[in-house]
Structure formats: C-alpha cells, structure tokens
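Following: one structure in structure tokens, then a few remarks.
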Amino acid sequence: MKCGVVALLGRPNVGKSSLVNALLKARVAIVSPKPQTTRNAVRCIYNDDRAQIVFTDTPGLYLPKEKDKLGRFLVGSAAEALDDADAVCWLVEAGDKKLTPEDLEAARVLSEVTAPVILVVNKAASLDPRSGLPGGLVGAFRLYGELRPFAGQIAVSAKLGRGLDALIDLLLPLLPEGTPWYDPDVLMDSTERFMAAEAIRGKVLSLLRDEIPHCTAVEIDEYKSPEEYPDRNRLYIRASLVVETEGQKAIVIGSGGKMIKRIGRSARAELEELTGLPVYLDLWVKVSPHWRQTDLVLRRLGYGMA
Ligand SMILES: Nc1nc2c(ncn2[C@@H]2O[C@H](COP(=O)(O)OP(=O)(O)OP(=O)(O)O)[C@@H](O)[C@H]2O)c(=O)[nH]1
Ligand SMILES: [Mg+2]
C-alpha cells in the first residue's frame with residue numbers, strides 16, 4: 001500500500017480545490033470563479049485499493065502587499081504545506097500563454113522544495129471540446145518546462161474528470177509504502193466546526209459579488225451536537241459572518257433581510273447533507289473593521305501564523 005502526502009500548489013483560480021473534489025468524488029473544498037477562495041491548507045484524503053493519498057489543498061499563491069496580512073497568511077500556509085509533502089503537484093492552466101508574476105512566485109517557492117514536482121496542466125479540455133485536443137497544451141508544457149525540471153507532467157480537467165486516474169498513476173511511484181493513517185471514510189482532516197464554517201463561507205462566495213466574499217470570514221460562535229442539546233434534537237450552530245464595514249453588513253443582510261435568509265437557507269441545507277443531522281443555523285452579521293489587517297482577529301478567525 002502506498003501512503004503519502006501530495007501538496008497542490010499554484011496561483012489562485014487554477015482549479016486546485018476543484019481537482020481535490022474531482023479526485024475524492026465529493027464536494028470537500030470550496031470552489032468559486034473568484035480568486036483567493038481557499039484560505040487554509042486543508043488535508044483531503046483520497047483512497048483506492050492501491051493507496052491512501054493525503055492531498056493538501058492550498059490557498060493560491062500571489063504577491064500580497066505588505067499590509068495585506070490575510071494574504072500573507074494565505075501564501076505562508078501554502079508554502080508551509082510543502083514541508084511535509086512527499087510530492088508536489090504544480091497546477092497551471094492549459095490556456096496559459098505567458099508567465100505571470102504569480103507563476104514566477106510559485107516557481108520560486110518550488111525551487112526550495114526537495115520533494116519531486118509534477119506539472120499538472122488543468123482545464124485541458126476547455127480549449128477545444130470538439131477535438132478533445134487542446135491546442136494550448138503543448139505551449140503550456142513548454143512554457144513551464146523551461147522554468148525547472150519536473151518528475152512528470154500531465155494534462156487533466158478537474159471539471160470534466162479527465163486524466164485523474166493517470167495523475168494517480170504518475171504519483172504512486174513517488175510515494176512511500178506504508179499503512180493508512182486515516183479511516184477510509186474520512187474525507188478531510190479538519191474539525192466539524194471548520195467544515196461548517198467553510199460550508200457557510202461557500203454560500204457567501206456563490207451568492208454575493210465584488211469585494212464582499214473577500215471581506216467576509218465566518219466565525220462559529222457555538223456548535224452543539226444533538227447529544228449536547230437533547231431538547232432541540234438537532235445540531236445547533238450559531239455563526240457570524242464577519243465583514244469590515246457597515247456598508248458590507250447592509251449588503252450581506254440585504255433588503256428586508258432577504259440575502260442573509262438566502263445564505264442561511266442554502267447553508268443549512270448543505271450542513272444537513274454534510275452531517276446527516278437536522279440543523280438549526282442561527283446566522284448573524286458582525287462588523288470587525290480591518291479584520292484582514294488585524295493579527296488578533298485573524299488568529300481568532302483561523303488565519304493565524306504559526
Ligand atoms: N473549464 C474548466 N474550469 C475549471 C476546471 N477546474 C476548475 N475550473 C474552474 O476554475 C475556477 C476556480 O476553481 P477553484 O477550484 O476554486 O480554483 P483554486 O485554484 O482552488 O482557487 P483558489 O482557492 O482561489 O486558489 C472555478 O470557476 C472552477 O469551476 C476545469 O478543468 N475546466
Ligand atoms: Mg481553492
């Protein structure tokens with residue numbers, strides 16, 4: 001049995017979280033068309049009869065400004081995830097024509113890694129759905145191939161589920177033999193509270209636009225299982241959507257409370273699916289000015305530097 005850790009790295013929006021979901025055939029990580037969706041390095045566990053692979057989904061690498069403390073946490077936790085990886089997948093997109101500063105940052109971070117690195121060209125099928133042979137692919141392999149050596153390279157489509165078995169085949173020889181760490185039905189090495197907060201944040205990302213998703217964090221204020229709350233006979237979650245200004249709060253609440261109700265309804269449905277329990281979700285909106293620049297609040301929200 002092969003057992004190992006594979007970190008997924010790349011600039012924002014290339015499809016790291018989508019790839020994890022596709023590999024696990026489950027919706028474990030939040031996916032959205034907006035950059036900087038993922039905010040924590042999350043261990044997601046893939047199982048088949050040959051291997052248990054812990055895929056670490058990471059926040060997209062970019063170049064945060066000095067005062068962007070949240071951004072610096074994101075990039076720091078992505079780089080940190082490489083430390084215990086047996087192999088690294090560097091994700092890029094099939095349509096990439098030239099290197100961006102973010103790609104160069106990824107290359108710089110990877111230059112310090114001793115684990116083997118695989119180049120994974122995602123969104124491969126999106127270029128030419130008719131032939132199934134994306135014209136940009138060769139270009140992407142060449143573009144990144146000039147930057148550094150790779151232990152392997154492969155084209156995949158997380159969206160269409162293509163190339164996934166081939167990616168696992170490529171990774172297996174790079175992983176050590178061992179006994180599985182996790183029970184096969186564990187999909188994520190995260191607390192229930194974290195997963196609940198992410199499910200709620202995912203709804204904010206899909207229902208709100210512009211800067212709101214970037215300025216919102218979710219704080220779980222209370223989490224009580226039915227055993228702890230027998231009179232209610234349900235999972236009780238009190239959570240706050242933390243935003244930076246009164247204006248953002250007004251948008252999140254929406255006219256007549258329409259938006260917050262919508263977020264609450266769809267989050268509750270997802271939480272019930274996730275936990276298999278009836279859920280009572282008590283959702284609030286809190287203003288915490290400049291939380292993305294405030295160390296103490298960042299730490300409280302789960303974005304604290306080690
Ligand atoms: N066409 C196409 N779109 C994809 C594919 N994989 C992911 N996407 C889309 O790309 C966007 C970003 O996907 P994510 O999985 O959130 O990307 P990410 O790399 O995790 O982004 P961050 O967490 O912000 O770093 C979403 O709109 C996905 O639907 C793919 O194979 N083909
Ligand atoms: Mg992501």
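Using a cutoff of 8 angstrom between alpha carbon atoms and counting only pairs six or more residues apart, the relative contact order for the chain works out to 18 percent.
Out of every Cα-Cα pair that segment 74-200 contains, those further apart than 26 angstrom amount to 32 percent. Structural descriptor for segment 2-174: relative contact order 23 percent, calculated from alpha carbon pairs under 8 angstrom and at least 6 residues apart. The 1.4 Å probe gives accessible areas that order Thr38, Thr191, Thr245, largest first, as Thr191, Thr245, Thr38. Just the protein heavy atoms count here, and of the accessible area of segment 192-300 at 1.4 Å, carbon and sulfur take up 50 percent.
Projected area of the chain, taken from the Cα convex hull and averaged over every viewing direction, in nm²?
Values: hull surface 68.7 nm².
Computing the convex hull of the Cα atoms and averaging its projections yields 17.2 nm².
Considering only beta bridges that DSSP places wholly inside segment 192-300, some 45 percent are antiparallel.
Of all DSSP bridge pairs formed entirely within the chain, close to 35 percent run antiparallel.
In a simple Cβ point-charge model (Lys, Arg +1; Asp, Glu -1; nothing else charged), the chain has a dipole of about 1200 debye relative to its Cα centre.
Anyone know which of Tyr144, Tyr236, Tyr46 comes out most mobile in the 10 Å Cα GNM of the chain? Top of the fluctuation ranking is Tyr236. Accessible area per residue (1.4 Å probe, heavy atoms of protein chains only) ranks Thr275, Thr58, Thr114 as Thr114, Thr275, Thr58, with the largest value leading. Taking every protein chain into account, the 1.4 Å probe leaves Glu66 with about 140 Å² of accessible area, to the nearest ten.
Surface composition of segment 2-174: carbon plus sulfur atoms hold 54% of the accessible area, using a 1.4 angstrom probe and ignoring ligands, DNA and RNA. Rounded to the nearest 20 debye, the dipole magnitude of segment 192-300 is 320 debye, with +1 charges on Lys and Arg beta carbons, -1 on Asp and Glu beta carbons, and the Cα centre as origin. Rolling a 1.4 Å probe over the protein chains gives Trp284 an accessible area of about 140 Å². Placing unit charges on the Cβ atoms of the charged side chains and taking the dipole of the chain about its Cα centre, the candidate lying farthest along the positive direction among Leu281, Ser206, Leu298 is Ser206.
Here the spin labels are modelled as points 7 Å beyond Cα on the Cα-Cβ line, and at Trp284 and Asp189 they lie 3.4 nm apart. Under 15 Å from the Cβ of Asn13, count the other residues' Cβ atoms, weight Lys and Arg +1, Asp and Glu -1, and hand me the total. Net local charge, Asn13 excluded: 0.
In this structure segment 142-264 gives 53 Å² per residue of accessible area when probed at 1.4 Å with all protein chains present.
Basic side chains Lys and Arg get +1 at the Cβ, acidic Asp and Glu get -1 at the Cβ, and with that the dipole of segment 79-197 about its Cα centre reaches some 820 debye.
Expressed as a whole percent, how much of the Cα-Cα distance distribution for segment 192-300 exceeds 16 Å? It works out to 57 percent of all Cα pairs.
The values are calculated or read from the model by the stated rules, or taken from the named source; none is laboratory data. Predicted model only: the values in this text are computed from it and were never measured. Neighbour counts are summed over all protein chains in view; Cβ atoms, including those assigned to glycine, are modelled from backbone coordinates with ideal geometry. Heavy atoms of the whole protein, side chains included, go into the accessibility calculation; ligands, DNA and RNA do not. Shrake-Rupley method; radii C 1.70, N 1.55, O 1.52, S 1.80 Å.
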